[in-house]
1. Going through 192, 207, 182, 151 one at a time, which residue ends up being more than 18 Å from residue 65 (Cβ to Cβ), free of Cβ contacts under 8 Å to residues at least 24 places away in the same chain and surrounded by 21 or more Cβ atoms within 10 Å (Cβ to Cβ)?
2. Does residue 128 qualify as being over 30 Å from residue 50 (Cβ atoms), among the polar types (S, T, N, Q) and not assigned by TED's automatic domain parsing to the domain that holds residue 40?
3. Looking at 202, 130, 135, 188, which one is in a helix (DSSP H, G or I) and not acidic (Asp, Glu)?
4. Which residues, counting only those in region 141-163, are farther than 20 Å from residue 17 by Cα and in a helix (DSSP H, G or I)?
5. For region 103-125, which residues satisfy the criterion of being farther than 18 Å from residue 51 by Cβ and not in a strand (DSSP E or B)?
6. Give just the number: which of (1) loosely packed, with under 15 Cβ neighbours inside 10 Å; (2) touching a residue at least 40 places away in the same chain (Cβ under 8 Å) does residue 62 not satisfy?
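The values are calculated or read from the model by the stated rules, or taken from the named source; none is laboratory data. Given the structure is predicted, the values throughout are model-derived calculations rather than measurements. Every residue, glycine among them, receives a Cβ derived from its backbone with ideal geometry; neighbour counts consider all protein chains shown.
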Amino acid sequence: MTSNGGIPMHDDALFLSALTHFAAPTAESTSVSRTLDELVRYITEIFGVAAAGITLFLPDQEDITSVSSPDFERCQQEFRSGPGRLRRQEILQIVDVPGNAPAWPGFAAQAGHVGVKAVASIPLRRTTETVGVLTAFSHDPVHWDNQDLMAAQTLAAVTLRFILTSLELQEHERISTQLQHALETRITVEQAKGIVSRDRDTTPDSAYQLIRRRARSHNATVLSVSRAIIELGLKV
């Protein structure tokens, strides 16, 4: 936004604080929804707007939306189905929402209900793909200048990278955990096979069949039976 003198209105100290906050994603990072909640709160404080909303379009998932104030949730929905739907690929500014009421009556009605006079919508991109939209609502008929738009885009881009990297790290951790579990399971079963093979003087394959038969007859898993053989001396 700009003041009467054309000076960018975003708070540099808060802006840098937000960038720092979202600069180092980890596998233990908070959920996507909570991260978006943090982003819209930052946007509201940094730019001094009435409220901010964001919608993220993740592949193979339902859209995730966060709004900084519950009072603006319906306004965000109407914006997405109105002017936001038409120009999702580009920055969109509406400086005079009441004056555009005939074009988007649903959005204008909700905007009027919460006192919104202006709105700015900024697409979030990953390479050439739009993966989200950041929206800021103002009680004043203000126009965002290039510096403020660039600051908002930068913060949104850093946050998006934070989210996507966190999701990738979580997926890698999930796969690593699964592989580790599979390895530990195999080691345990192999140990049990060795014990049964020795006790029953049979081959490892036959020992495995005995373990599996015991598991089926007692509605148990091969792993649990194998552990019982190793730790409790179970005979099969």
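1. Working: 192 fails: free of Cβ contacts under 8 Å to residues at least 24 places away in the same chain; 182 fails: surrounded by 21 or more Cβ atoms within 10 Å (Cβ to Cβ); 151 fails: free of Cβ contacts under 8 Å to residues at least 24 places away in the same chain.
Just one listed residue meets the conditions, 207.
2. On the way: over 30 Å from residue 50 (Cβ atoms): yes; among the polar types (S, T, N, Q): yes; not assigned by TED's automatic domain parsing to the domain that holds residue 40: no.
No: the conditions fail for residue 128.
3. Numbers: 202 fails: in a helix (DSSP H, G or I); 130 fails: in a helix (DSSP H, G or I); 135 fails: in a helix (DSSP H, G or I).
The conditions single out 188.
4. 146
5. Of everything in region 103-125, those that are farther than 18 Å from residue 51 by Cβ and not in a strand (DSSP E or B) turn out to be 103, 105.
6. (2)
Conditions tested, residue by residue: (1) β-branched (Val, Ile, Thr); (2) more than 43 Å from the chain's Cα centre (by Cα).
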| residue | (1), (2) |
| --- | --- |
| 146 | no, no |
| 171 | no, no |
| 186 | no, no |
| 189 | yes, no |
| 195 | yes, yes |
| 199 | no, yes |
